[in-house]
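Note sheet for the following structure.
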Amino acid sequence: MTEEFQIGQRWYSYTEAELGLGVVTELLNRRVTILFPATGEERTYAQNNAPLSRIVYPIGDQIRDDEGLTITVTEHEESKGCVIYIGLDDQEREQIIHEASLESAVHFSKPYERLFAGQIDKLRDFELRQETVKFQHQHRNSAAYGLMGPRVQFLPHQFYIASEVGKRSAPRVLLADEVGLGKTIEAGLILHQQLILGLTKRALIVVPDSLIHQWLVEMLRRFNLLFSIIDEGRCADAEGNPFESAQLVLSPLSLFTRDDKHLEQAKEAGWDLLIVDEAHHLGWSEEGASHSYRCIEQLALDTAGLLLLTATPEQLGIESHFARLRLLDPDRYYDLEKFVQEEKDFKCVNQLIEQLQQPENWQEALSDKVFTDLLHRYLGDQAAVELEQHLDEEPEQQALLIEKTVNNLLDQHGTGRVLFRNTRDSVQGFPERVLTTYPLEMPAAYREQMAEASMEKQLHPETLIADGVGSAWLLEDNRADWIIKWLEDHRNDKVLIICAHAQTAITLEKQLRLFEGKRTALFHEGMSLLERDRAAAYFADPEEGAQLLICSEIGSEGRNFQFAHHMVMFDLPLNPDLLEQRIGRLDRIGQVRDVNIHVPFFTGSAQEVLLKWYAEGLSAFQQVCPTGQAMMQKFAAELHQCMEAPEDTAAVASLITDTSLAQQELLAELQEGRDRLLELNSCKPEKAEVLMEALEEDSNSSQLASYMGRIFDHFGVEQETTGLAGVVLHPGDHMLNAHFPGLPEDGMTATFQRSEALSREDMQFLSWEHPMVSGSMEMMLEGSYGSSTLCTMKLLPLKAGSLLVEAIFRIQSISDSSLNLQCFLPEACVRKVLDSNGNDLTGVITEQHFASLGKRVGKSVAYNLVKHTREEIGQLATQMENQVVDLEVELLNQARQQVTDEYQIEKERLVALSKVNPNIRQDEIDALIQQEARLHDALDDAALKMDSIRVAVVTHE
């Protein structure tokens, strides 16, 4: 086809690419006039040196005419110097498009077509593109993919749970770590990984009203997840279904309990994952369920994935615990009596595991028929016989066999797959709890009324005077005087003061603020959520914030104040779990000093009895008390009698002794059974350690900082360093794109250091999974930036003027991101280098050679070089494309085999487990089968395609 100008031909200006595809409209006096329909502009050039490149789309390309007809080109014909494109439309009908009718937008399916059109990129942009390919592939192949982005500490127990659950299809689990171990973070990690992997697209979080804004801030600050709050106000203003207005929604539980219409709207909107916090508040019994339980039950039935968060899965009783599991899988947990019986088997399984972990006693154990019967009962005959036959292996083989057997037992028995519970004993590293009590003489005004008072009023005697309303009780109650004096010795300490009743907190705060001049913040249920958030933030401010936060019981759940080290309990709750919730506001991960608990009490009162029972009977102040609710149920009558008659010291002493003994027995029983199994299954140290190593290695902040610095330069983002750890970013005046992912118009301050991000909440934490980083990588690769370039290279062994053509090929597939196809492809890209004679020099001329020896070429010289070597470059590029066909088949076959092997192992495991452990759901197995089929379909559609090309002209100068 002729390269001479003809009327109707389409040409492209490589000096004004923004004009799009032009059409020749006039030829006169060795000049050519080009009209650019996309902009309506017209240019006239001298024919012998016009900065134009002829555009002819090759066979196989998709093209579109100016009326929107799209065809895939099957052949070319020429008419009067113009190209006639013949091809098939989406209905497989043959269509014809004349060159002059092509749409004005320019597209190049192959990088050497860009090169021929004069789109010659800078060398550093080409290298940046290759870096992007490698970094993206490296990140997606990491064992920690989906878990690197959150602004959280690397804590093994949290990341182990997230890794175990986050990769499941539609996970349904109960997160039940003890108070302070980070259930919210675990839920956020799981959600983050589900979103990154594409397993979840729509998520609904339901929380108590008081925690709405805390969850909103946590999800945004720690996980870069922007949730929309759908509450009564939003519903009132909405047209249509408000839950369909966002993919990530946060709602208060009361929204659904108050109005069935909102519950129906939420169900109709459809969700991939439902997260419910403080799930222990959902009441259920065999006789009936609470309204809040039924609301969550309806949402859970219509949602594939479900995460329930509670720090007290069993303390509320076996019935309550069963109710939580029933939400997860009503088909599995349908009979409370049957579940109670299964719980009793856990003790046998635990004993079996402990015996297996003591190889020195195996021979003796094997002679014990009870032990061998347990092996066959819980492992199955085949696995038990295999174990017995290989117990005399070498120590290393023995260890592997033990690990495999123990893992099989944990998989096959118990609720370990749906329930994760880490304890402080297993996690360790927590500070001490220090209890200090302050006996006070009971005021006469209280003593006179105490005999006729209810137990509620005896525990909160300020309510004896005008029901605690107003400040009259302050004149009588010496606890307030004690606080004032105590604060004189703690002027520089942050102090959390908790009262049972809001009115008590209000009166006490007013007294300390107005009459004692203390910097205080108030927190109670009568305040709006925004007011509570402001109070919590004021207390958290280390420089100019409040010294004291005085809160009602509502402050004992969900809020985290681990920056404080002193807690004053103005009174005590008549519920061991509430006591633990109070202490858990300070005693949690991140606390670096001992937690000092201060309890003033009236001697000879119900307060003193309850204090002694907690401290001496349950040791509830010194350590987490998992048996608290069970002990309360067992000793409620005796405790009430002793509180009614505190002067009967013998009865009180007997109660404390009996409680302590009963608690020790129950703790031992829990340790032998369920708790031990859960501890083994909730964090396997070896797997957690491997994950931690992957997180540390693949996070690589210095590598990321260097890479993003080049990305910012490339796209025109202004950057200014602030010390070693920070960078200030602003949109530049000459950005390549009007919008840069994740960059606000007024700029932002960020850091690549996790440690800095954890201490500086005002800075964004840039990780490989931050939306700015992942978005800019996608933008780099989705566009054609850096895909074609030309340079010169001084290489004496090759003939001057000859060419070296380097091409990079990537596996490309139009597939769902949730498949994460790259993890089955070991190589990020395939590189080929040919010389002018077609010799393969891939192993000889490395990327380093190009990087160190390649020299930039001026634009006009580069255009002329491409123009004169176009045919030779095209032939070498086509030769490369033909050469990688066999390699493509090999790579894709390897990937298919890897998919088959990995999924076959997991399918066989789940099918075998489903026969002995009903926690394995059939829909989980079906999802695995479907996922494997989708992967094979994606690999069938995948192909190695040229991603970028670099041409080097050899020189001897």
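Taken together, the values in this text are just the output of simple stated rules run on the coordinates, not laboratory data. Treat the numbers as computed from the prediction; the structure is a model and nothing was measured. Cβ placement follows ideal geometry from the backbone for every residue including glycine, while neighbour counts extend to all protein chains displayed.
Treat each spin label as a single point 7 Å out from the Cα along the C-beta direction, and report the D331 to E319 distance in nm.
That separation, rounded to one decimal, is 2.8 nm.
If you place +1 on the Cβ of every Lys and Arg, -1 on the Cβ of every Asp and Glu, and leave all else neutral, what size is the dipole of the chain about its Cα centre, to the nearest 20 Debye?
Value, rounded to 20: 2620 debye.
Mind checking the full-extension length gain between V385 and Q351? Use 0.36 nm per residue of separation minus the Cα-Cα distance, one decimal, nm.
Here the segment from V385 to Q351 would lengthen by 10.3 nm.
Under 18 Å from a point placed 7 Å out from the Cα of R491 along the Cα-to-Cβ direction: which residues of the stretch 515-538 have their backbone N that close?
515-520
Please list, by residue number, everything in the stretch 511-544 whose backbone N is under 18 Å from a paramagnetic label point 7 Å out along Cα→Cβ of V592.
540-544
Restricting the count to DSSP beta bridges whose residues both fall in the chain, what percent are antiparallel, rounded to a multiple of 5?
Restricted to the chain, the bridges split so that about 55 percent are antiparallel.
Could you list log10 I(q)/I(0) for the stretch 477-635 at q = 0.11, 0.19, 0.20, 0.21 Å⁻¹, which the Debye formula gives when each Cα is one point scatterer?
After summing over all Cα pairs, the log10 values are -0.42, -1.27, -1.40, -1.52.
Full extension from E686 to N893: what is 0.36 nm times the residue separation minus their Cα-Cα distance, to one decimal in nm?
71.3 nm
Return the FRET efficiency for the residue pair T900, V56: r is the Cβ-Cβ distance, R0 is 41 Å, and the value is rounded to the nearest 0.05.
0.45
For R934 and A650, what does the FRET efficiency come to when R0 = 51 Å and r is the distance between their Cβ atoms, rounded to the nearest 0.05?
0.10
Scan the chain and note any complete DSSP helix (H) whose C-alpha atoms cover at least 18 Å along its axis and whose Kyte-Doolittle average is 0.5 or more.
Answer set is 183-197.
With label points built 7 Å along Cα→Cβ from the Cα atoms of Q153 and T70, find their separation and express it in nm.
Inter-label distance under the simple model: 5.2 nm.
Please compute the modelled spin-label separation between Q341 and N575, points set 7 Å along Cα→Cβ, answer in nm with one decimal.
Modelled inter-label distance: 3.4 nm.
In nm, what is the difference between 0.36 nm times the number of residues separating E4 and R909 and their Cα-Cα distance?
319.0 nm
Taking R0 as 30 Å, what's the FRET efficiency between S285 and E476 from their Cβ-Cβ distance, rounded to 0.05?
0.10
Send over the per residue convex hull volume for the stretch 10-107, Cα only, as a whole number of Å³.
In the stretch 10-107, the Cα convex hull volume per residue is 96 Å³.
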